[in-house]
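Asks: Okay, handing you the structure first.
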Amino acid sequence: MQIRCEVKGVFVALSDAATVPLVILSNGEETLHLPIFIGLWEAISINSAINKEVLPRPFTHDLFLELLARFSITLRFLQIDSIENGVFYAQLVISGDHHEEYIDCRPSDGIALALRGEAPIFVDEAVLLSAGQKIQDLPKMVDLSTFLQK
């Protein structure tokens, strides 16, 4: 079963060992939060999409959506459907010319595209139950924008 989730924000997890960007997804009831560790550039792109920033030049994710639009392909949704050894796997679901395609993608790229394309994000219930955390169990973190201003 797929559960619709929302992006709660982009953060940087702080520890003595490392500083790592992550995006937090949450189910509608906000009982479980799904932290997904991502790269810095993907974090910046997702944060830009959340804030609806329009940049003078397109990010790669903007370019990808423009390409889809030019060929009348619709981004229907993102589904994060499995986790193996701490690595999340996702698929973009697109449709065009009367058929649907599933395209393997990194969740971070899929989230950046889904936010820009205003497409829903779904997480498999088993993934949410196995990797989701209560808010108090999340790592110590700071909002990405705040971190970048330091």
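The values are calculated or read from the model by the stated rules, or taken from the named source; none is laboratory data. Predicted model, so just to flag it, every value in this text is computed and none were measured. Neighbour counts run over all protein chains shown; Cβ positions are idealised from the backbone, glycine included.
Asks: Which of the residues spanning the stretch 1-29 are part of a loop (DSSP other than H, G, I, E, B) and either aliphatic (A, V, I, L, M) or free of Cβ contacts under 8 Å to residues at least 40 places away in the same chain (or both)?
Replies: At the first step, the residues of the stretch 1-29 found to be part of a loop (DSSP other than H, G, I, E, B) are 1, 15-18, 28-29.
Once the filter is applied, which keeps residues that are part of a loop (DSSP other than H, G, I, E, B) and either aliphatic (A, V, I, L, M) or free of Cβ contacts under 8 Å to residues at least 40 places away in the same chain (or both), the stretch 1-29 yields 1, 16, 17, 18, 28, 29.
Asks: Considering only residues that are among the polar types (S, T, N, Q) and over 23 Å from residue 22 (Cα atoms), look in the stretch 62-113 and name the one that is farthest from the chain's Cα centre (by Cα). Give the steps one after another, and end with the answer.
Replies: Here is the first cut: in the stretch 62-113, the ones among the polar types (S, T, N, Q) are 72, 74, 79, 82, 85, 91, 95, 108.
If we keep only those that are over 23 Å from residue 22 (Cα atoms) too, we end up with 72, 74, 95.
On the way: 72: 23, 74: 18, 95: 20 Å.
Here the residue is 72.
Asks: Testing residue 134 on (1) within 19 Å of residue 14 (Cα to Cα); (2) surrounded by 14 or more Cβ atoms within 10 Å (Cβ to Cβ), one condition comes back false. Which one is that?
Replies: Answer for residue 134: the failing condition is (2).
Asks: Which one is farthest from the chain's Cα centre (by Cα) among residues in the stretch 1-47 that are over 13 Å from residue 143 (Cα atoms) and among the small types (Gly, Ala, Ser)?
Replies: 17
Asks: Shifting gears a bit: Can you tell me which condition residue 103 does not meet? The list is (1) under 26 Å from residue 12 (Cβ atoms); (2) loosely packed, with under 15 Cβ neighbours inside 10 Å, and all the others hold.
Replies: (1)
Asks: For a quick check of your reading: which helices (runs of 4 or more DSSP H) sit entirely within the stretch 51-144 and have at least 2 residues that are touching a helix residue (DSSP H, G or I) at 6+ places or on another chain (Cβ under 9 Å) and over 15 Å from residue 3 (Cα atoms)? Break it down stepwise before answering.
Replies: On the way: elements: 60-70, 107-116, 125-131.
Once the helices (runs of 4 or more DSSP H) in the stretch 51-144 are filtered for at least 2 residues that are touching a helix residue (DSSP H, G or I) at 6+ places or on another chain (Cβ under 9 Å) and over 15 Å from residue 3 (Cα atoms), what remains is 60-70, 107-116.
Asks: Anything in the stretch 137-150 that is surrounded by fewer than 20 Cβ atoms within 10 Å (Cβ to Cβ) and closer than 30 Å to residue 58 by Cα? List them, or say none.
Replies: 142, 143, 145, 146, 147, 148, 149, 150
Asks: Could I ask something else about it? One residue is enough: does the stretch 24-38 have a residue meeting the conditions farther than 28 Å from residue 131 by Cβ, touching a helix residue (DSSP H, G or I) at 6+ places or on another chain (Cβ under 7 Å) and modelled with pLDDT under 95?
Replies: Within the stretch 24-38 (the criterion being farther than 28 Å from residue 131 by Cβ, touching a helix residue (DSSP H, G or I) at 6+ places or on another chain (Cβ under 7 Å) and modelled with pLDDT under 95), the answer is no, since none of the residues qualifies.
Asks: Conditions: (1) buried (at least 18 other Cβ atoms within 10 Å of the Cβ); (2) touching a residue at least 24 places away in the same chain (Cβ under 8 Å); (3) part of a strand (DSSP E or B). Residue 42 meets all but one. Number of the miss?
Replies: Against the list (1) buried (at least 18 other Cβ atoms within 10 Å of the Cβ); (2) touching a residue at least 24 places away in the same chain (Cβ under 8 Å); (3) part of a strand (DSSP E or B), residue 42 comes up short only on (3).
Asks: Residue under question is residue 76, and the condition is that it be basic (Lys, Arg) and either surrounded by 13 or more Cβ atoms within 10 Å (Cβ to Cβ) or touching a residue at least 60 places away in the same chain (Cβ under 8 Å) (or both); does it hold?
Replies: So residue 76 fits the description; yes.
Asks: Exactly one condition in (1) in contact with a His (Cβ under 9 Å, 6 or more places away or on another chain); (2) more than 17 Å from residue 37 (Cα to Cα) is not met by residue 112; state its number.
Replies: All conditions pass for residue 112, except number (2).
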